[in-house]
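Asks: Before I ask anything, let me first share the structure, which is written out below as structure tokens.
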Amino acid sequence: MDRTTEHPQDSNESLAVLLVNLGTPEAPTPAAVRQYLKEFLSDPRVVESPRWLWWLVLNGVILRVRPARSAAAYRKIWTEQGSPLLLHTVALAAGVQELLTARLSNNVTVYPAMSYGQPSIPAALKRMLQQNIRRVVVLPLYPQYASSTTGSVFDAVTAELSRQRWVPELRFINRYHDVPGYISSLAKSIREFRDANGRGERLLFSFHGIPRRMVDQGDPYLHQCQETARLVAQYLALGEDDWQLTFQSRVGGQEWLRPYTDETLESWGEQGVGNIDVVCPGFAVDCLETLEEIALQNSERFSAAGGGELRYIPCLNDRPDHIEFLSDLAERNLAGWASRAAEAFTNASTAGSAH
């Protein structure tokens, strides 16, 4: 007597790619921004402070003041279709889905998800499990690893899956800061912008900042940002005086990674530097930090200090070469799984046509 128990999901070879970005409020209103900030700033990876003390600061001060100010900033960049970050992320996922389907099979599904806000990581993972997907590649849209971004994605994914009885196989991509496809796509976007608009006197690489102590404690983020900028400058054959790397978006009174973007721009303005080009390689798609902080706030700061025009170079967003690079990256990490899925798909189709 055959005592083998066949699980109804055993034959399913479906694969998934979870494409994760940071997140966005659902609307540019104080209430929606407050809800988003509460989730974001409650993450212990984002703010490494004693929980009880941070709870008092967050709920007693920050969430009473910051939502209205942030909502006003979001309104400056909001579109009729919604949040730029969400729109670009969804478009990017759709592009990767189309390429992977053409290359592999209909058994690969790409899910966009957000660490904070909607569509959430838990919701995306639950959808996968409901569709019997057993193998998942997690691709955070952060070229450079930081504990507060990529590390947080890992926490969210594993926390959700820890509640499941049958955990799917996982492959986790934790950085792509020096991968040739990413570097070439970034460099080409800069070259195309300059070909169309002229070349600024200097090129500024502005990355999102993190507290200095995180790097001192072992976070590789600083080195990976430096490597990205160096490789792009090398690709474009830039001289040492043609470009500089800085860090933006600092908050609070502690030391963050230097040099600071805003202080550098003020200094350049005071020196009478003319037109400059600014690119933000740490962001896969445009968002509040690029469209409002750089293209608006810091542009005004540079001009007010005596500088020329700050010309912001858009993020890679859903450029064809960006989509192709991310598809290549996902496909390499689907290796082995994808061939098994394609074989299963072919066998199922053959069996179906035989009846």
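The values are calculated or read from the model by the stated rules, or taken from the named source; none is laboratory data. Please read these numbers as outputs of a predicted model, since none were measured by experiment. No Cβ is skipped: glycine too gets one built from the backbone with ideal geometry, and neighbour counts run over all protein chains shown. Ligands, DNA and RNA are excluded from the accessible area calculation, which covers all protein heavy atoms including side chains. Shrake-Rupley method; radii C 1.70, N 1.55, O 1.52, S 1.80 Å.
Asks: Consider region 44-71. How many of its residues are basic (Lys, Arg) and open to solvent by 80 Å² or more (accessible area, probe 1.4 Å)?
Replies: 3
Asks: While we're looking at this one, here's another question. Go through ALA16, ALA31 for me and flag whichever is among the small types (Gly, Ala, Ser), open to solvent by 30 Å² or more (accessible area, probe 1.4 Å) and either in a helix (DSSP H, G or I) or under 28 Å from ASN333 (Cβ atoms) (or both).
Replies: ALA31
Asks: Quick check on my filter: what residues within region 77-129 are in contact (Cβ under 8 Å) with a residue 12 or more places away in the chain, polar (S, T, N, Q), over 18 Å from THR149 (Cα atoms) and assigned to a strand (DSSP E or B)?
Replies: Selection gives THR109 alone.
Asks: Continuing with this model, one more query. From the list LEU236, LEU203, LEU265, LEU257, which residue is within 21 Å of the chain's Cα centre (by Cα) and touching a residue at least 12 places away in the same chain (Cβ under 8 Å)?
Replies: LEU257
Asks: I'd like the full set of residues that are buried (at least 20 other Cβ atoms within 10 Å of the Cβ) and within 20 Å of the chain's Cα centre (by Cα), limited to region 100-127.
Replies: LEU100, VAL110, TYR111, PRO112, ALA113, MET114, SER115, TYR116, GLY117, ILE121, ALA124, LEU125
Asks: From the list ASP219, ASP241, which one is of a type in the set (D, E, K, R) and either in contact with an Asp or Glu (Cβ under 8 Å, 6 or more places away or on another chain) or not in a loop (DSSP other than H, G, I, E, B) (or both)?
Replies: ASP241
Asks: Is it the case, given these coordinates, that LEU204 is within 26 Å of LEU288 (Cα to Cα), open to solvent by 10 Å² or more (accessible area, probe 1.4 Å), at pLDDT 95 or above and aliphatic (A, V, I, L, M)?
Replies: no
Asks: Please identify the pairs in which a residue from region 209-228 that is over 15 Å from ASN174 (Cβ atoms) has its Cβ atom under 7 Å from the Cβ atom of a residue that is of a type in the set (Val, Ile, Thr) and open to solvent by less than 30 Å² (accessible area, probe 1.4 Å), counting only partners at least 6 apart or on another chain.
Replies: Cβ pairs passing all conditions: LEU222/VAL215.
Asks: Also, I was wondering about something else. Could you check region 158-201 and list, in sequence order, the residues that are open to solvent by less than 60 Å² (accessible area, probe 1.4 Å), out of contact with any helix residue (DSSP H, G or I) (no Cβ under 7 Å at 6 or more places or on another chain) and among the aromatic types (Phe, Trp, Tyr)?
Replies: PHE193
Asks: Of the residues in region 257-284, how many are of a type in the set (Gly, Ala, Ser) and assigned to a loop (DSSP other than H, G, I, E, B)?
Replies: Of the residues in that region, 4 qualify.
Asks: Quick check on GLN254: is it in contact with a Pro (Cβ under 8 Å, 6 or more places away or on another chain), within 17 Å of SER206 (Cα to Cα) and not in a helix (DSSP H, G or I)?
Replies: It is false that GLN254 is in contact with a Pro (Cβ under 8 Å, 6 or more places away or on another chain), within 17 Å of SER206 (Cα to Cα) and not in a helix (DSSP H, G or I).
Asks: Let me ask something else about it. Scan region 237-262 for residues that are of a type in the set (Asp, Glu) and either surrounded by 13 or more Cβ atoms within 10 Å (Cβ to Cβ) or closer than 15 Å to GLY282 by Cα (or both) and report the count.
Replies: So the count comes out to 2.
Asks: For region 263-297, which positions are open to solvent by 20 Å² or more (accessible area, probe 1.4 Å), over 23 Å from TYR36 (Cβ atoms) and out of contact with any Phe, Trp or Tyr (no Cβ under 8 Å at 6 or more places or on another chain)?
Replies: Hits for region 263-297 are GLU263, SER267, GLU270, GLN271, GLY272, ASN275.
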